[in-house]
1. Does M113 satisfy the condition of being modelled with pLDDT of 90 or more, surrounded by 19 or more Cβ atoms within 10 Å (Cβ to Cβ) and farther than 15 Å from S50 by Cα?
2. Going by the conditions given, is R153 among the charged types (D, E, K, R), under 24 Å from the mean Cα position of the chain (by Cα) and closer than 22 Å to I52 by Cβ?
3. Which condition number does F127 fail, the rest of (1) open to solvent by 50 Å² or more (accessible area, probe 1.4 Å); (2) modelled with pLDDT of 90 or more being met?
4. If I ask for residues that are part of a strand (DSSP E or B) and either open to solvent by less than 50 Å² (accessible area, probe 1.4 Å) or of a type outside the set (S, T, N, Q) (or both), which ones from the stretch 137-152 would you list?
5. If we scan the stretch 63-78, do we find a residue that is aliphatic (A, V, I, L, M), open to solvent by less than 60 Å² (accessible area, probe 1.4 Å) and at pLDDT 70 or above?
Amino acid sequence: MAVSSVRILGTGQLLELQRRLRAAGGESIRSSMQRRIRRAAEPLRDDLQSTIRSLPIRSAGRGSGSRGGPSPTTRPLRATLADAIRISVRTAGNPGARVYVDKGRLPPDLRNMPQVINEGRIRHPVFGNRRRWATQTATPLWWDKTVRHHTPRMTAEVTRVLDDVRRRLE
């Protein structure tokens with residue numbers, strides 16, 4: 001599964017409900033459904049954000065010598081990635097909930113970082129020096145494991161929302 005997004009879909013059921021909502025003119029029902037689907041996805045987003053914020057990233061350590069110094073950036077990596085995790089809920093077109101990393105909210109040099117960290121091996125130049133490279137490790141598949149943990153709950157909640165809306169339309 002790609003790090004960039006997670007989708008909870010019941011496409012056939014959602015499309016049928018969408019058609020019936022339009023026919024019934026149920027704007028309040030639709031907004032309620034959208035709010036409840038978003039609420040079902042929020043624990044996943046929150047857990048993904050807290051997981052990346054506390055994800056240990058380890059390095060092999062330094063060689064001999066007095067290298068080092070302050071980081072050339074003041075941007076905290078994990079917090080920046082956590083802030084880019086978003087939820088999108090659609091009730092039309094391709095309906096469902098989507099939890100994803102909004103790459104537009106990441107600096108250009110970090111656009112691939114969520115996928116790289118999910119793979120567990122981060123290779124980067126030392127303080128921007130492209131002749132010296134370092135390799136750091138993180139817990140692999142952190143995104144995938146977190147999503148797998150939440151999928152049954154989210155699927156059950158979305159099914160419950162769909163059943164409630166279907167009952168209100170009958």
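The values are calculated or read from the model by the stated rules, or taken from the named source; none is laboratory data. What you see is a predicted model; the values in this text were computed from it and never measured. Reconstructed Cβ throughout: ideal geometry from the backbone, glycine too, with neighbour counts over all protein chains shown. Heads up: the accessible areas ignore ligands, DNA and RNA and are worked out on the full protein's heavy atoms, side chains in. Shrake-Rupley method; radii C 1.70, N 1.55, O 1.52, S 1.80 Å.
1. The answer is yes for M113.
2. The answer is yes for R153.
3. All conditions are met except number (2).
4. Listed by number, the list holds a single entry, A138.
5. Yes, the stretch 63-78 contains a residue that is aliphatic (A, V, I, L, M), open to solvent by less than 60 Å² (accessible area, probe 1.4 Å) and at pLDDT 70 or above.
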